[in-house]
Amino acid sequence: MKYRIFRFLAVAVTVFCVSCSGNDKEARSAYMKAKALYESGQYDKAKSMIDSIEILGPKAFDEIRAGLQLSRVIERALNEEILKRVDSLMPIYREEQERLLGEFDLIKDDEYQTEGLLVYKNNPNKLSQEKSCLRIQVTEKGEMQLLSVYCGAYPLQHESVKVSLPDGTYAMTSAVPYDGASNYRYYIDGRNIETITYSEPKMRPVADFVVAAGNRPVTVSYEGKKPFSFKLDNATRKAITESYKLSTVIKNIAALEREDVIASRAIVVLNRQIEEHKNDSI
């Protein structure tokens, strides 16, 4: 009886060891495939293969640790690629920003403003309060602002702007209620003056629409208690388009700068972790 028990245990242990050995081989194979994928630059596939190591060999501790180390190496490589991309794109965006800034005036009152406004030089409406028109400006951080100016015999009390094409397609700003501050109304010399400032994202649909419209005729309508509309002039269209370009470039540069900082910090951390676990590689 004892002999049978010992024989059963011996067989069970043998089967268990063979099973573990088989799992370890599968885990080792998965690791080697992941390493080959990494070396060929297929980082996503390599990471996916690393995820399978522990599934194939739950007790293949050497392979699991090596896989974790390889994951760190891959993450470092990915962040190094980000830095290379930033280095290649940044000069292009900087050059474009410099070119565009030459077409804009910086308006800033140092006593009252912490951030200036960039206004397209060749826009005859850039500071107008004397006629109904759209004005466009860009903050130094790249945020666009659209101003709807009304000058007329009767009050509109408008709160939004609609732009439309002859085919009926249109876009609108979000409504901006009167507040008496950045949005104001007053009566002077027989004229009603109204000005509303729409910042991003409230004005973005209108800017996108005007830029996409190209040379097609655009009608501007002020949405208020009374109807009022006019055709968008070419000078204002040009000012919106160039402001759109400048805004995009400034934001792209800021995004690249953020990526550079995040990737650089990640590489420092990963270098330290890779050094701490250098003995985990196989």
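The values are calculated or read from the model by the stated rules, or taken from the named source; none is laboratory data. Computed from a predicted model, the values in this text were never measured in an experiment. We place every Cβ from the backbone using ideal geometry, glycine too, and count neighbours over all the protein chains shown. For the accessible areas, the whole protein counts, side chains as well, though only heavy atoms, and no ligand, DNA or RNA atoms are used. Shrake-Rupley method; radii C 1.70, N 1.55, O 1.52, S 1.80 Å.
Averaging over every viewing direction, what projected area does the convex hull of the Cα atoms of the stretch 192-248 cover, in nm²?
Working: hull surface 18.4 nm².
The number I arrive at for the stretch 192-248 is 4.6 nm².
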**Request:** Restricting things to alpha carbons, tell me how big the stretch 215-254 is in terms of Rg and Dmax, in Å.
**Result:** 14.1, 42
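Where the only charges are on Cβ atoms (+1 Lys, Arg; -1 Asp, Glu), what is the dipole of the chain about its Cα centre, to the nearest 20 debye? The partial results should precede the final answer.
Values: 40 positive and 40 negative charges, 238 e Å.
Computed charge dipole of the chain: roughly 1140 debye.
Give, as a single signed number, the net charge of other residues whose beta carbon lies under 10 Å from the beta carbon of Thr173, with Lys and Arg counted +1 and Asp and Glu -1.
With Lys, Arg at +1 and Asp, Glu at -1, the net is +1.
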**Request:** Take the stretch 110-178, drop everything but the C-alpha atoms, weight them equally and run the Debye formula without solvent; then report log10 I(q)/I(0) at 0.25 Å⁻¹ to two decimals.
**Result:** -1.25
**Item:** Candidates Ile53, Ile253, Ile136: whichever shows maximal mean-square fluctuation once the chain is modelled as a Gaussian network with Cα springs under 10 Å
**Value:** Ile53
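Is there a pair in Lys225/Lys245; Lys35/Lys59; Lys231/Lys251 whose C-alpha atoms are over 22 Å apart, and which pairs would that be?
Working: Lys225/Lys245 34 Å; Lys35/Lys59 20 Å; Lys231/Lys251 30 Å.
Violating the 22 Å limit, Cα to Cα: Lys225/Lys245; Lys231/Lys251.
Regarding the stretch 33-110, what whole-number volume in Å³ per residue does the convex hull of its Cα atoms give? Write down the numbers at each step before the final one.
Values: hull volume 11.4 nm³, N = 78.
Residue-normalised Cα hull volume stands at 146 Å³.
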**Request:** Using label points projected 7 Å from each Cα along Cα→Cβ, tell me how many nm separate Glu39 and Asp51, to one decimal.
**Result:** 2.4 nm
**Prompt:** Under 14 Å Cα-Cα from Lys45, which aspartates and glutamates qualify once same-chain neighbours fewer than 8 residues away are excluded?
**Reply:** Glu75
**Message:** Just to compare against my own numbers: the Cα pair-distance distribution for the stretch 41-86, 5 Å bins, whole % per bin, please.
**Reply:** 5, 22, 26, 18, 14, 7, 5, 2, 0
**Message:** What percentages make up the Cα-Cα pair-distance distribution of the stretch 72-128 when the bins are 5 Å wide from 0?
**Reply:** 4, 15, 13, 13, 13, 10, 10, 9, 7, 4, 2, 1
**Message:** Rounded, prolate or oblate for the stretch 86-233? Axes are the square roots of the Cα gyration tensor eigenvalues, ordered a ≥ b ≥ c, and the cut-off for rounded is a/c under 1.5.
**Reply:** oblate
**Whole-number D in µm² s⁻¹ for the stretch 156-197, Kirkwood Cα-pair radius fed into Stokes-Einstein, 20 °C, 1.002 mPa s** = 181 µm²/s
**Message:** 5 Å is the cut-off here: which amide hydrogens, built 1.01 Å from N in the peptide plane, fall below it relative to Ile136, excluding neighbours closer than 5 in sequence?
**Reply:** Leu147
**Request:** Return the sequence-ordered ³J(HN,Hα) values of the stretch 211-219 in whole Hz as given by the Karplus equation 6.51 cos²θ - 1.76 cosθ + 1.60 applied to θ = phi - 60°, using x for Gly and Pro.
**Result:** 5, 5, 5, x, 9, 5, x, 10, 9
**Prompt:** Out of Leu147, Pro58, Ser174, whose Cα points farthest toward the positive end of the dipole of the chain (charges: +1 Lys, Arg; -1 Asp, Glu; placed on Cβ)?
**Reply:** Pro58
**Prompt:** If you take the Cα Rg of the stretch 181-282 and divide it by 2.2 N^0.38 Å, with N the number of residues, what do you get?
**Reply:** 1.93
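Kirkwood hydrodynamic radius (Cα pairs, Å) of the stretch 66-170?
On the way: mean 1/r = 0.0542 Å⁻¹.
So the Kirkwood estimate lands at 18.5 Å.
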**Message:** With every protein chain left in place and a probe of 1.4 Å, what is the accessible surface of Phe228, to the nearest 10 Å²?
**Reply:** 50 Å²
**Asked** In a shell of Cβ-Cβ distance under 12 Å around Arg85, excluding Arg85 itself, what net charge do Lys and Arg (+1) and Asp and Glu (-1) give?
**Response** -4
